[in-house]
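Each remark here refers to the structure printed beneath this line.
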Ligand SMILES: O=C(O)CCC(=O)C(=O)O
């Protein structure tokens, strides 16, 4: 059983992220690596950094064909134990994004706060970012601004119209005065980060691919407000929350209002 130590919980709360002392078994990682290869082959028209909702096997509302193996990963009991330590016992899965940066060609993720993109109220989510390949500075690992979540506030973002970006909304530069740090992970390790944390990642010009799966979990006290955001491509790729399936993985939907039927086809 995986457990966050009290020091790790304290680090998540004070810094906005933590790398738990936990690694998925090598066989699981090897299987996930094959799944990533398959997902890329199955989605020839989609940039591999933009495989949004790749846990949904039927073509999803974003036009991505996903794989059941990723849905299985989102339900991994050890990952849920770690997430439970920071968001509590009521856990709703609402998203999963495969960010795969090919060797020599991986696109930047501009610095942003996730919450800017998401219609979740009250705004709360823990992302488990699971490394499928070793993820280091050279191949564009996750970079975070420690403690930038502390005010619990969304800062202004602007549309970054440079070409070859994974996401199109970036936080205004005045919020980037504190230094960012690289979150380097071995394949099978993961980081957890808070919805308000400023983060992004650099291009991958190295010889090594960098794939990671970002799994989005909200507490049962939050509601997916499907009416707040129109379906569209403001994120840099198509996103449609109106059809987004939710899974109650642990505990209860404390709001009593989340719809767990929408988007579950077949
Ligand atoms: O994988 C990356 O480089 C960025 C991930 C990210 O922005 C996220 O998990 O929200």
**Complete:** Subtracting the Cα-Cα distance of residue 260 and residue 158 from 0.36 nm times their residue separation yields 33.5 nm
**Request:** For residue 233 and residue 31, calculate 0.36 nm times their separation in residues minus their Cα-Cα distance, and state this gained length in nm to one decimal.
**Result:** 69.6 nm
**Message:** What three numbers, in Å, describe the spread of the alpha carbons of region 91-215 along their principal axes, ordered from the longest?
**Reply:** 39, 34, 23
**Burial ranking of peptide ranges 144-154, 84-94 (average Cβ count within 10 Å, highest at the top)** = 84-94, 144-154
**Fill in**
P(r) over all Cα-Cα pairs of region 37-163, 5 Å bins from 0 to the longest distance, whole percent per bin, short to long, reads 2, 8, 16, 19, 23, 19, 10, 3, 0
**Asked** Can you give the calculated 222 nm mean residue ellipticity of the chain, where each DSSP H run of n ≥ 4 adds -39,500 (n - 2.57) and the sum is split over every residue, rounded to the nearest 500 deg cm²/dmol?
**Response** -5000 deg cm²/dmol
**Prompt:** Relative contact order for the chain: what is it in percent, counting Cα pairs under 8 Å that are at least 6 residues apart?
**Reply:** 28 percent
**Asked** Once the Cβ-Cβ distance between residue 177 and residue 78 is put in as r, and R0 is 45 Å, what FRET efficiency do you end up with, to the nearest 0.05?
**Response** 0.80
**Request:** List the pair-distance distribution P(r) of region 133-182, using every Cα-Cα distance, as the percent of pairs falling in each 5 Å bin from 0 up to the bin containing the longest distance, rounded to whole percents.
**Result:** 4, 16, 20, 25, 22, 10, 3
**Rg in Å to one decimal, and Dmax rounded to a whole Å, for region 36-80 via C-alpha atoms** = 10.8, 34
**Asked** Based on the mean of other beta carbon atoms within 10 Å per residue, what is the order of 195-203, 166-174, most packed first?
**Response** 195-203, 166-174
**Prompt:** So for the pair residue 42, residue 138, with labels modelled 7 Å out along Cα→Cβ, what separation do we get in nm?
**Reply:** 3.2 nm
**Request:** Kindly state, as a whole number, the per residue volume in cubic angstrom of the convex hull around the alpha carbon atoms of the chain.
**Result:** 120 Å³
**Item:** Neighbour-count ranking [beta-carbon atoms within 10 angstrom, fewest first] of 1, 190
**Value:** 1, 190
**Message:** Once you compute Rg and the Kirkwood Rh from C-alpha atoms, what is the Rg to Rh ratio for region 227-266?
**Reply:** 1.04
**Message:** Contact order normalised by length for region 43-131, with contacts defined as Cα pairs under 8 Å and 6 or more residues apart; what percent is it?
**Reply:** 31 percent
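Values in this text are rule-based calculations from the coordinates and carry no lab data. Bear in mind the structure is a predicted one, so any value in this text is a computation, not a measurement. Here the Cβ is made from the backbone with ideal geometry for all residues, glycine too, and neighbour counts use every protein chain on show.
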